[in-house]
1. Step by step: first the residues of the range 133-174, then only those that are surrounded by fewer than 17 Cβ atoms within 10 Å (Cβ to Cβ) and among the acidic types (D, E), then the one that is modelled with the lowest pLDDT. Which residue is that?
2. Could you tell me how many of the residues in the range 22-56 are small (G, A, S), within 20 Å of L97 (Cα to Cα) and out of contact with any His (no Cβ under 9 Å at 6 or more places or on another chain)?
3. Could you say whether any residue in the range 36-47 is under 18 Å from L319 (Cβ atoms) and acidic (D, E)?
4. Can you name every residue in the range 329-345 that is part of a helix (DSSP H, G or I), of a type outside the set (A, V, I, L, M) and within 17 Å of the chain's Cα centre (by Cα)?
5. Please state which of the following conditions I76 fails to meet, knowing it meets all the rest: (1) over 24 Å from E37 (Cα atoms); (2) within 10 Å of the ligand (Cβ to nearest atom).
6. Is it the case that the range 300-311 has a residue that's in a helix (DSSP H, G or I), in contact (Cβ under 8 Å) with a residue 60 or more places away in the chain, among the hydrophobic types (A, V, I, L, M, F, W, C) and farther than 15 Å from L130 by Cβ?
7. List every residue pair whose Cβ atoms sit under 9 Å apart, with the two residues 6 or more apart in sequence or on different chains, where the first one lies in the range 69-80 and is under 12 Å from A104 (Cα atoms) and the second, anywhere, is more than 10 Å from the ligand (Cβ to nearest atom) and part of a loop (DSSP other than H, G, I, E, B).
Amino acid sequence: MTAVPNLKIGFIGAGFIATYHSKSIRRIEQSLPFQIERAGVFDVDSARATSFAAASGHHVMSSPQEVIDSSDVVYICTWTSEHLEMVRKIAKSGKALFCEKPLATNIPDAQEIVRLCEEFSITNQVGLVLRHSPAYLLARDLVHAPEAGRVMSVIFRDDQFIPIQGHYDSTWRGDVSRAGAGTLLEHSIHDIDMLHAVIGPIAEVSARQSFFHGIAGIEDVLTTNFSFSILSDSAQSNGAVAIGSLTSIWHDNLARPSLRRVEIFCEKRFITIEGDDWFGPVSWTNSDGSGGSLAGDELVAVTRELIPNHPNPDAAFLLAAYSRKPAYPDVSVALSAHQTVDAIYRSAREGGNNIPVVNNS
Ligand SMILES: NC(=O)c1ccc[n+]([C@@H]2O[C@H](COP(=O)([O-])OP(=O)(O)OC[C@H]3O[C@@H](n4cnc5c(N)ncnc54)[C@H](O)[C@@H]3O)[C@@H](O)[C@H]2O)c1
């Protein structure tokens, strides 16, 4: 019998999201056509590396390079400010990488990450996991169905308690040198990515931000209006431009789970995404009185064929890495979200001026 080859996985950073990925891989590993070998883990906090290793079966190493040398694929799960340095090391090794979002604390670093992945032609995926969410995949389908008419507007609200407490068990998100910024970059970059994925690219923004926690550089409320590129550049649009708003909040209500609510108005269809980011429900009503609502297993089943590779983002990445194929979503998808985020921050700094989104990725 031919032995099933192994794929060796390493982790740099052994905190909250590394633990999430490790558990996710354990759930899907039996379904993969190769065996998972748990290679190195490194964390600057050695106690974290030790407890991660004890729970997962990885081996504690004394540097990022040792992890890279021990692995075929490497997960970058450090504070955001460290991502670029890790990408530099991994790209040069030619190993596949999974980089958590945000890519970096600023645009030049995010661009450098994209450049490195291209230069060394490595399989790469980012932690913009909602790209695999059945709820958002169904919403995209409902929005773009011809019977919906043109998309008119979206109202996106996202709130959670400021993640420097509670189960996050870390404080780096309150340090601008590590996180880069607050609720928009650190958390709602997912929302910007979903606006891009579900509706289309954003053309122009106007934003305001606020700092209730008094932490320099870490905004805890941000609202932005925006217009989408779709329709706006069409000569036939006659002023029909899809527009919308996003409100992102980091409060102190520890009793409230992290929650998103999205309302999308098309000319002949109204859609809501609420409840669970993955399992919905997604509900819609049409101008002829018909409509529906899907959640849970039913929603997963209906959207299965809309998912590019594997429904689990970690499985999708490992399958791509194993076969040395491109993974999805990759760093260039993340760079587009960064460019919109950057325009929003510029507008907020300028008191709400209209700022065009520069997309030169
Ligand atoms: N995709 C998502 O939905 C999602 C969710 C949570 C976090 N994240 C992202 O994941 C990253 C980590 O977040 P977290 O919640 O796991 O934080 P965390 O504080 O729980 O873990 C980060 C770990 O990285 C370690 N670390 C920092 N610098 C390091 C370095 N140079 N080398 C090795 N280890 C280092 C820290 O000691 C810490 O243990 C961040 O970029 C965050 O934005 C993404």
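The values are calculated or read from the model by the stated rules, or taken from the named source; none is laboratory data. As the structure is a prediction and not an experimental result, all values here were calculated from the model. Ideal geometry is used to build each Cβ from the backbone, glycine not excepted, and the neighbour counts take in all protein chains shown. What goes into the accessible areas is simple: the full protein's heavy atoms, side chains included, and nothing from ligands, DNA or RNA. Shrake-Rupley method; radii C 1.70, N 1.55, O 1.52, S 1.80 Å.
1. D169
2. 2
3. Yes, because at least one residue in the range 36-47 is under 18 Å from L319 (Cβ atoms) and acidic (D, E).
4. S332, S336, H338, Q339, T340, D342
5. Failing condition for I76: (1).
6. Among the residues of the range 300-311, at least one is in a helix (DSSP H, G or I), in contact (Cβ under 8 Å) with a residue 60 or more places away in the chain, among the hydrophobic types (A, V, I, L, M, F, W, C) and farther than 15 Å from L130 by Cβ, which makes the answer yes.
7. Qualifying pairs under 9 Å: W79/D175.
Okay, residues lined up against (1) open to solvent by 30 Å² or more (accessible area, probe 1.4 Å); (2) at pLDDT below 95; (3) outside the structural domain of F156 (by TED's automatic domain parsing); (4) in contact with a Phe, Trp or Tyr (Cβ under 8 Å, 6 or more places away or on another chain):
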site: G275; (1), (2), (3), (4): yes, no, no, no
site: F279; (1), (2), (3), (4): yes, no, no, no
site: W284; (1), (2), (3), (4): yes, no, no, yes
site: S287; (1), (2), (3), (4): yes, no, no, no
site: S290; (1), (2), (3), (4): yes, no, no, no
site: L294; (1), (2), (3), (4): no, no, no, no
site: A315; (1), (2), (3), (4): no, no, yes, no
